[in-house]
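Heads up, the thing below is written out as structure tokens.
Values in this text are rule-based calculations from the coordinates and carry no lab data. None of these values were measured; they are calculated from a predicted model. Backbone-built Cβ (ideal geometry, glycine too); neighbour counts: all protein chains shown.
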Amino acid sequence: MTEPAEPAEFRSGFACFVGRPNAGKSTLTNALVGTKIAIASSKPQTTRHAIRGIVHRADAQLILIDTPGLHKPRTLLGERLNDVVRATWSEVDVIGVCLPANQKIGPGDTYLVAEIAKLPKRPALVGIATKSDLVTRERMAEHLLRISALEDELGISWAEIVPVSATGNDQLDVLSGVLAGLLPAGPPLYPDGEITDEPEETLVAELIREAALEGVRDELPHSITVMIDEMGLRADRPAEKPLLDIYASMVVERDSQKGIVIGHRGARLREIGTAARKQIEAMLGTPVFLDLKVKVVKEWQRDAKQLNRLGF
């Protein structure tokens, strides 16, 4: 008579995704968590905080950290974001390197992997061929071979190489299983059902910034940040008809940028407010009154005191 199989040990731990801008890191984080916790945009350096999303599985609890992209810093903010990235790399159990299948692996990708290879205590590495829905099978086969070749070129070892499509929901369960299998044995670190440990104010500020980034000029995205001035349920409303009041300020560095964000007769600001309010209501499940202002704080990205005030 065969012995019954031992139940698999429960695992828990941390993973982060790295990759150049627009490699699909935030979209992949949101898809695996099952809801939107990280803003996504085609603009470089969209992600500015290490945001944690929690994936609950029967066999594991996987905490995904969505980090800013490593880049050549031009400001004090850029230097601080790079510090966040490197600190995260040294603390996680697994790093997933996102390499979009619809783009050739270039110097930016090899630089990133080479930097990870220098870590004194290197986490397990997973090569992730993102955006698999955008390429043919032949192109994907070439791409996977090229990812594999990075092992010899850069002196690393992939635990696995997984093609995925976050938007097409393809192979996400496979990737989740691979990442979970590389975590150490241990109990859950967060209560069941919790999807992030980020304060609601941070998530709301990020959704407003995401709406503001849509369609703006190249130099503006880096200059926008958002402060929540006040946020709370309106006191005189009945419990079955709540209304969440949010007063927020979009901070830019110059008067000319303030004009761009406000737009002709306030049209742009109204568009941002409408788009952000819909996303916030979808995330929190509560009707929202959103009051947006635009403030100029000269050269805030280069001012240590302002960066500290703004939470960087």
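Highest average first, the peptides 55-63, 238-246 ordered by how many other beta carbon atoms sit within 10 Å of their residues are 55-63, 238-246. Rounded to the nearest 10 degrees, the angle from helix 200-213 to the longest Cα principal axis of the chain is 80 degrees. Only Cα pairs under 8 Å and 6+ residues apart enter the sum, and on that basis the relative contact order of the chain stands at 18 percent. Between GLU9 and ASN169, full extension at 0.36 nm per residue minus the direct alpha carbon distance yields a gain of 54.9 nm. About the centre of its Cα atoms, the chain shows a dipole size close to 1440 debye [charges on the beta carbon of Lys, Arg (+1) and Asp, Glu (-1) only; nearest 20 debye]. In terms of the mean number of neighbouring beta-carbon atoms within 10 Å, the peptides 249-260, 294-305, 18-29 order highest first as 18-29, 249-260, 294-305.
Rounded to the nearest 20, the size of the Cβ-charge dipole of segment 200-309 about its Cα centre is 360 debye, with Lys and Arg at +1 and Asp and Glu at -1.
Across all directions, the average projected area of the convex hull around the alpha carbons of the chain is 20.8 nm². Ranking LEU189, LEU213, SER132 by Cα position along the charge dipole of the chain, where only Lys, Arg, Asp and Glu carry charges on their C-beta atoms, puts LEU213 farthest toward the positive end. What's the angle, to the nearest 10 degrees (0 to 90), between helix 267-284's Cα axis and the longest principal axis of the chain? Here the helix axis deviates by roughly 50 degrees. Estimated at 0.36 nm per residue, the fully extended path between LEU233 and ARG139 surpasses their Cα-Cα distance by 28.7 nm. One equal scatterer on each Cα of segment 121-211, no solvent, Debye formula: the resulting log10 I(q)/I(0) at q = 0.20, 0.22 Å⁻¹ is -1.07, -1.11. Does segment 11-181 classify as rounded, prolate or oblate by the C-alpha gyration tensor (a ≥ b ≥ c root eigenvalues; a/c under 1.5 gives rounded; else a/b over b/c gives prolate, otherwise oblate)? Because its axes are fairly even, with a/c under 1.5, segment 11-181 counts as rounded. The three principal axes of the C-alpha atoms in segment 200-309 carry coordinate ranges of 45, 32, 20 Å, sorted with the longest axis first.
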